[in-house]
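Q: Next up is a structure, given as structure tokens.
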Amino acid sequence: MRILILGATGRTGKWVLKLALKKGYNVHILVRDCTKITAEENLTIFHGTPADKSMLSKAAENCKAIISVLNISRTSDFPWAKLRTPASFLSDVMHHIIQVSEKHQIGRVVVCSAWGVDATNSDLPFWFRWMIGHSNIGAAYTDHERQEKILLQSNLDWTIVRPVGLINKIKPQKILVSYGHKPKPKLTISRRSVGEFMVNTLEDDTLIRKLPTISSDY
């Protein structure tokens, strides 16, 4: 199957790309900086941004599914660092994804959101809720919620994945899948595990139109 990955140069997206190629998918990616990507077999690189609907459409042609690992980026990991992308980047792109998917008859869309979005906000520790409400971290959560609502209203076979706090552990982990408060999510998960879960979701019909929270089950 040929798939399109958005956000393939990001810290989590790199794992999605690596694991998708390892599983034998033919992969299209749309990137702003082609120097961050090494050419590989079964990988087709498109230069551009998903904010440009025409470029997104070109990259999505002949694909059967889209995985989006996009996020609102800041100039650094400092919570109050300035935004590098527009505050509505995710929701703007989601409108494009839905239109392009309809044009190219792409049914399956898997999106990385975040634990703490919408109804899961009350599950977060108090200190992290405070950070979301008082720093530029909140911009990403606000737009994740907007993109979720847009996708939920579509006719696509979507899955919205809400990972907990991301860490850079490389060793494989057992993944705990939660819905609502059950079972209670742990606090962290590796970027590798998120990538693995999202790629595997493409072949798991039980996750269609579901919003799983995922964490590492130590």
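Q: Quick one: is ILE160 touching a strand residue (DSSP E or B) at 6+ places or on another chain (Cβ under 6 Å), within 23 Å of HIS95 (Cβ to Cβ), at pLDDT 95 or above and not in a helix (DSSP H, G or I)?
A: yes
Q: In the set THR206, THR142, which member is polar (S, T, N, Q) and either touching a Pro at 6+ places or on another chain (Cβ under 7 Å) or within 22 Å of ILE72 (Cβ to Cβ) (or both)? Explain how you work it out, then say what you get.
A: Numbers: THR206 fails: either touching a Pro at 6+ places or on another chain (Cβ under 7 Å) or within 22 Å of ILE72 (Cβ to Cβ) (or both).
Matching residue, one of THR206, THR142: THR142.
Q: Is one or more of the residues making up segment 64-81 polar (S, T, N, Q), in a helix (DSSP H, G or I) and at pLDDT 95 or above?
A: Looking through segment 64-81, none of the residues is polar (S, T, N, Q), in a helix (DSSP H, G or I) and at pLDDT 95 or above.
Q: Also, quick follow-up: Select from segment 115-157 the residues that are surrounded by fewer than 16 Cβ atoms within 10 Å (Cβ to Cβ) and outside any helix (DSSP H, G or I) and list them in ascending order.
A: Scanning segment 115-157 gives PRO125, SER135, GLN153, ASN155.
Q: Return the total of residues in segment 179-201 being in contact with a strand residue (DSSP E or B) (Cβ under 8 Å, 6 or more places away or on another chain), crowded, with 20+ Cβ neighbours inside 10 Å and within 26 Å of LYS149 (Cβ to Cβ).
A: 8
Q: Which condition does MET198 not pass, out of (1) touching a residue at least 12 places away in the same chain (Cβ under 8 Å); (2) not in a helix (DSSP H, G or I), if it passes all the others?
A: (2)
Q: Hey, can you tell me all the residues within segment 46-77 that are in contact with a strand residue (DSSP E or B) (Cβ under 6 Å, 6 or more places away or on another chain) and β-branched (Val, Ile, Thr)?
A: Answer for segment 46-77, where residues must be in contact with a strand residue (DSSP E or B) (Cβ under 6 Å, 6 or more places away or on another chain) and β-branched (Val, Ile, Thr): ILE66, ILE67, VAL69.
Q: Has segment 45-67 got at least one residue that is in contact (Cβ under 8 Å) with a residue 12 or more places away in the chain, among the hydroxyl-bearing types (Ser, Thr, Tyr) and over 16 Å from VAL93 (Cα atoms)?
A: No, segment 45-67 contains no residue that is in contact (Cβ under 8 Å) with a residue 12 or more places away in the chain, among the hydroxyl-bearing types (Ser, Thr, Tyr) and over 16 Å from VAL93 (Cα atoms).
Q: Out of (1) within 30 Å of ARG2 (Cα to Cα); (2) touching a strand residue (DSSP E or B) at 6+ places or on another chain (Cβ under 9 Å), the odd one out for LEU83 is which?
A: (1)
Q: Can you name every residue in segment 34-63 that is under 29 Å from ARG162 (Cβ atoms) and at pLDDT below 95?
A: LYS36, ILE37
Q: Please work out if LEU90 is within 26 Å of CYS34 (Cβ to Cβ), out of contact with any Cys (no Cβ under 6 Å at 6 or more places or on another chain) and either part of a loop (DSSP other than H, G, I, E, B) or of a type in the set (D, E, K, R) (or both).
A: no
Q: Select from segment 205-218 the residues that are assigned to a loop (DSSP other than H, G, I, E, B) and more than 12 Å from ALA65 (Cβ to Cβ) and list them in ascending order.
A: Scanning segment 205-218 gives ARG209, LEU211, PRO212, ASP217, TYR218.
Q: If the requirement is being in a loop (DSSP other than H, G, I, E, B) and either closer than 21 Å to ASP157 by Cβ or among the aliphatic types (A, V, I, L, M) (or both), which of these qualifies: ALA8, ALA59?
A: Selected residue: ALA8, the only one of ALA8, ALA59 that is in a loop (DSSP other than H, G, I, E, B) and either closer than 21 Å to ASP157 by Cβ or among the aliphatic types (A, V, I, L, M) (or both).
The values are calculated or read from the model by the stated rules, or taken from the named source; none is laboratory data. Computed from a prediction, not measured in an experiment: that's the story for all the values here. In this analysis, Cβ positions are derived from the backbone assuming ideal geometry, glycine residues included, and neighbour counts consider all displayed protein chains.
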